[in-house]
Amino acid sequence: MKNYILITEKSWHKKMFEHLSQRPNEKWVLIDEKSLFNIEYLNKIEADKIFIPHWSYIIPKPIWSKYECVVFHMTDLPFGRGGSPLQNLIVRGYESTKISALKVDEGIDTGDIYCKENLSLLGTASQIFKRSVPIITNMIERIIDHNLEPKQQKGTSVTFKRRKPEDGKMNNIDELEKVYDYIRMLDGEDYPPAFIETDNLRIEFTNAELSENSQIKANVRILKK
């Protein structure tokens, strides 16, 4: 019996865990709280591998040095190391990317690569993340079933800077397509929405649709600053 752990706080990964937990001769444990992702708790499980489809925190060395940790990053590594890969790609005009499965080491997204798969970047952040679920699930199964060995990253390294909530401000954007991209790339669980500010108001946008006659329809929430 092999023991595996899935680490994620995101609701869209519930189906991933349900699928993986049905695999024969394997025991799967879901950790969906940061407080439980510690070496003491992990030692009680003694996992063969730890899979991390989405995680926004640094993984401590005592964990990755003892357990084989596999993270999934939404760029074609070594291009796009660092934070906010989805938003950084869309801001740069990318319509597709690769998901890279890599072994955690001391650097930020510098670990050896198990495998990569294509991913479309069309739609909202929520739609993109949900689209990634069956892809990552398949990658996890390939890593286990074929006992994939990670290989060193190749290519030119490009590092992304993690975007901040204030980076969603659209006051100075005058291209309709870029406005649409800003709204959709921040339209997802736990993301602060794209917004415009006046002296007294904050206007937030979600559920954007770009029509053929160059108009954007979106849901709007107006807040007093």
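What residue, of 96, 120, 100, is under 12 Å from the mean Cα position of the chain (by Cα), at pLDDT 95 or above and among the small types (Gly, Ala, Ser)? Can you show your working first?
Working: 96 fails: under 12 Å from the mean Cα position of the chain (by Cα); 120 fails: under 12 Å from the mean Cα position of the chain (by Cα).
Answer to the check: 100.
Residues to consider are 11, 84, 35; find the one that is hydroxyl-bearing (Ser, Thr, Tyr), in contact (Cβ under 8 Å) with a residue 60 or more places away in the chain and surrounded by fewer than 15 Cβ atoms within 10 Å (Cβ to Cβ). Spell out the reasoning first.
On the way: 84 fails: surrounded by fewer than 15 Cβ atoms within 10 Å (Cβ to Cβ); 35 fails: in contact (Cβ under 8 Å) with a residue 60 or more places away in the chain.
Only one candidate passes the filter, namely 11.
Touching a Leu at 6+ places or on another chain (Cβ under 9 Å) and either of a type in the set (Lys, Arg) or outside the structural domain of residue 25 (by TED's automatic domain parsing) (or both), is that true of residue 131?
Details: touching a Leu at 6+ places or on another chain (Cβ under 9 Å): yes; either of a type in the set (Lys, Arg) or outside the structural domain of residue 25 (by TED's automatic domain parsing) (or both): yes.
So residue 131 fits the description; yes.
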note = With criteria (1) under 23 Å from residue 193 (Cβ atoms); (2) in contact with a Ser or Thr (Cβ under 6 Å, 6 or more places away or on another chain); (3) in a loop (DSSP other than H, G, I, E, B), residue 89 comes up short on (3)
key: Failed criterion for residue 24 (all others in (1) modelled with pLDDT of 95 or more; (2) within 13 Å of the chain's Cα centre (by Cα); (3) of a type outside the set (Asp, Glu) hold)   = (2)
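Could you please let me know if residue 97 is outside any loop (DSSP other than H, G, I, E, B), in contact with a strand residue (DSSP E or B) (Cβ under 9 Å, 6 or more places away or on another chain) and not basic (Lys, Arg)?
Details: outside any loop (DSSP other than H, G, I, E, B): yes; in contact with a strand residue (DSSP E or B) (Cβ under 9 Å, 6 or more places away or on another chain): yes; not basic (Lys, Arg): yes.
Spelling it out, residue 97 is indeed outside any loop (DSSP other than H, G, I, E, B), in contact with a strand residue (DSSP E or B) (Cβ under 9 Å, 6 or more places away or on another chain) and not basic (Lys, Arg).
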query = Within the set of pairs 6 or more residues apart or between chains, which connect a residue that is in the same structural domain as residue 111 (by TED's automatic domain parsing) and closer than 12 Å to residue 110 by Cβ inside the range 140-157 to a residue that is assigned to a helix (DSSP H, G or I) and not hydrophobic (A, V, I, L, M, F, W, C) with Cβ atoms less than 7 Å apart?
reply = none
inquiry  = Looking at 132, 96, 120, 65, can you tell me which residue is within 23 Å of residue 205 (Cβ to Cβ) and small (Gly, Ala, Ser)?
reply    = 120
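The values are calculated or read from the model by the stated rules, or taken from the named source; none is laboratory data. Computed from a prediction, not measured in an experiment: that's the story for all the values here. Heads up, the Cβs are rebuilt from the backbone with ideal geometry, glycines too, and the neighbour counts pull from every protein chain shown.
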